[in-house]
Amino acid sequence: MIDTKLTTNGHAPPIPQARIGAEVELGRLTRSRMMYSRLIGALFLLGFLSYGIGSGLVTSLVGGSNFLSAVAASQTLLLVGAFLMFLNTGVDLGKGILFFPILEKHSKRTALAYLTTMIVEVVLLDVGVLALLMIVPLAKHAGEAGAQTIGSVLVQSNAMAYQMGEMTLGVGAVVLCVLLFRTRLIPRWLAISGLIGYPILVTGTIAEIFGIHIGLYLTIPGFFFELVLPFWLFFKGFQPEAYRGLAVNNRSLQEA
């Protein structure tokens, strides 16, 4: 009986080039998928930390009734806080840019909408930070009439810009989560948490704009998505078929 697994010289037949090429391409796609997943995950965490810490530093100075004197004595702290808040500009733009080629495979309109909302958001946040930076030269005139009033207007301008920026972020994130749910780029339970959390966030920002101070509490549901998503992306990454722009069936999910 002839062993068809061997060639005439007793050696196994060579692996077809097509199979080698397919394995190389699969490895390349896997590396690309995990690289994008981890970069986007890192940006979510970095933005959360940089803006949060920066805002905390600034608030510690401008949160009092006579904050101009505090700024005059510790203006470096305000500058560091403002720098960290500005750092969020590159972070959020990076998220929109890195997400674009992934989302575009499923919906170019959604990819553009999410990127656009990220651009509008960072512009609004940066306007607020610029208002805070204007407090630094104003603090040199802390004892002059009207200086404290102008300073309060600048602080309120930052607060208003922040709420409008967060509202824009919430709208863009809802659009994002709808696509994530539909395509199964991430587990549907995680996308649903974003679809619940971000509309609540938007409601909170609108309430703050109209002087109803409940926004802080309404940001909590959205935090779940923004904290869990990065860790999912670090360890699991986007679903392989969805990352390639393909439809995902239940069998693919079970094999993943």
Query raised in the report: Full extension from Ser157 to Trp232: what is 0.36 nm times the residue separation minus their Cα-Cα distance, to one decimal in nm?
Result: 23.4 nm
Report summary line: Between the Cα axis of helix 188-209 and the main Cα principal axis of the chain, the angle (0 to 90°, nearest 10) is 10
Query raised in the report: Charges only on Cβ, +1 for Lys and Arg, -1 for Asp and Glu: so what's the dipole of the chain about the Cα centre, in debye to the nearest 20?
Result: 900
Query - Calculated FRET efficiency for the pair Val136/Leu112, C-beta based, R₀ 41 Å, to 0.05 - result: 0.65
Query raised in the report: Distance in nm between label sites at Ile53 and Glu104, each 7 Å beyond Cα in the beta-carbon direction?
Result: 3.3
Query - Shape category assigned to the stretch 149-232 from the gyration tensor of Cα positions, a/c cut at 1.5 - result: prolate
Report summary line: Note, the stretch 124-137: 3J(HN,Hα) by Karplus (6.51, -1.76, 1.60, θ = phi - 60°), whole Hz, Gly/Pro = x, goes 5, 5, 5, 4, x, 5, 4, 4, 5, 5, 5, 6, 4, x
Report summary line: Rounded to one decimal in nm, the spacing of the 7 Å Cα→Cβ label points at Phe210 and Leu246 is 4.9
Query raised in the report: Given (1) 19.7, 68; (2) 24.9, 106; (3) 22.9, 80 as candidate values of Rg and Dmax of the Cα atoms in Å, which corresponds to the one derived from the coordinates?
Result: (2)
Requested in this report: Kindly rank 78-85, 66-73 from highest to lowest mean number of other beta carbons found within 10 Å of each residue.
Outcome: 78-85, 66-73
Query raised in the report: Say each of Ser74 and Tyr217 gets a label point 7 Å from the Cα, pointing the same way as Cα to Cβ; how far apart are those two points in nm?
Result: 2.9
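Hey, what number do you get for the chain at 222 nm if only DSSP H runs of n ≥ 4 count, each worth -39500 (n - 2.57), divided across all residues, to the nearest 500? Before the final figure, lay out each step's value.
Details: 11 runs with 202 residues, N = 256.
Estimated from H runs of four or more residues: -27000 deg cm²/dmol.
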Report summary line: Counting only protein heavy atoms and rolling a 1.4 Å probe, one gets per residue an accessible area for the chain in Å² of 54
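The values are calculated or read from the model by the stated rules, or taken from the named source; none is laboratory data. Owing to the predicted nature of the structure, the values given are computational and were not obtained by experimental measurement. Glycine also receives a Cβ, built like all others from the backbone with ideal geometry; neighbour counts cover every protein chain displayed. Quick note on the areas: whole protein, heavy atoms, side chains included, nothing else; ligands and nucleic acids left out. Shrake-Rupley method; radii C 1.70, N 1.55, O 1.52, S 1.80 Å.
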